[in-house]
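Asks: The structure is given below, and queries will be raised subsequently.
Since every read-out is calculated from the coordinates, none of them should be taken as a lab result. From a predicted model like this one, the values you see are computed outputs, not experimental measurements. All Cβ positions, even for glycine, are placed from backbone atoms using ideal geometry, and neighbour counts span all protein chains on display.
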Amino acid sequence: MKRAAVLLVTAVLLAGCGGSSKNTATTTTTAATPPPPGPGKVLYAGGPWAVVVRANTATAYHYVGRHWLADRSGAVKIEILGPQPGQRVASIPQVAVQLTAKRPLIESGLWVDGKELYVKGGGLKPEQGTIYGAPDTKLAPGTHVAVGYGRTDTHGTAVAWTFRVP
């Protein structure tokens, strides 16, 4: 116990030694902000990944080097569970997709009319999962655009589809 106390005091004293009250660093580094991906409306941008919707088409983008690249690999499969494309639904629909990939899924999301949904979900395997959510307010009558997104560590996919509220 005595030895541990001596070591602790020594460590504290050494941590305070060798320092200076002056900051002598003269260089600073700042990361350049990448331009937004697109064209279209950016629904999500997190680290080197982004989701963009343009009209009724969604695309997952990956920032590689100094460029946004559209990921059209199809490595993440997205099955629309509901509402089905073109379906007429209630004004607060449940939106759901199933995601499947050969590598573990690490990120996912759902949007309706550009607004991110609070999602819940799960799955029995890290390579497959279901996510679902609903808008927090009633949707107006008309056509609405839903977007589903999922990615692994190397690939991402986004899909868009429309449904109607009568």
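Asks: Considering the stretch 48-100, what Rg and Dmax in Å follow from its alpha-carbon atoms?
Replies: 14.2, 44
Asks: So which GluC sites (Glu not before Pro) in the stretch 45-139 end up in coil per DSSP with only 16 or fewer other C-beta atoms within 10 Å?
Replies: Those satisfying the criteria are Glu127.
Asks: So what is the relative contact order for the stretch 117-166, in percent, with contacts set as C-alpha pairs under 8 Å and at least six apart?
Replies: 29 percent
Asks: Right, here's the next one. What is the spin-label model distance, in nm, from Gln84 to Val42 if the labels are put 7 Å beyond Cα along the C-beta direction?
Replies: In this crude spin-label approximation the distance works out to 3.7 nm.
Asks: Where does the charge balance sit around Gly123 when Lys and Arg score +1, Asp and Glu -1, over other residues with C-beta under 15 Å from its C-beta?
Replies: Result for the neighbourhood of Gly123: +3.
Asks: Considering only lysines 8 or more places apart in sequence, or on different chains, count the pairs in the stretch 101-165 whose C-alpha atoms sit under 27 Å apart.
Replies: Eligible lysine pairs with Cα atoms under 27 Å apart amount to 4.
Asks: Computed over the Cα atoms, what is the radius of gyration of the stretch 107-166 divided by 2.2 N^0.38 Å, N being its residue count?
Replies: 1.24
Asks: Which of the trypsin sites (Lys or Arg not before Pro) found in the stretch 112-153 are in a DSSP loop and have at most 12 neighbouring Cβ atoms, other than their own, within 10 Å?
Replies: Counting only loop positions with at most 12 other Cβ atoms within 10 Å, the trypsin sites (Lys or Arg not before Pro) in the stretch 112-153 are Lys138.
Asks: Still on this structure, please answer the following. Per 5 Å bin, what percent of the C-alpha pairs of the stretch 44-166 does each bin hold, from zero upward?
Replies: 2, 12, 23, 23, 20, 11, 7, 2, 0, 0
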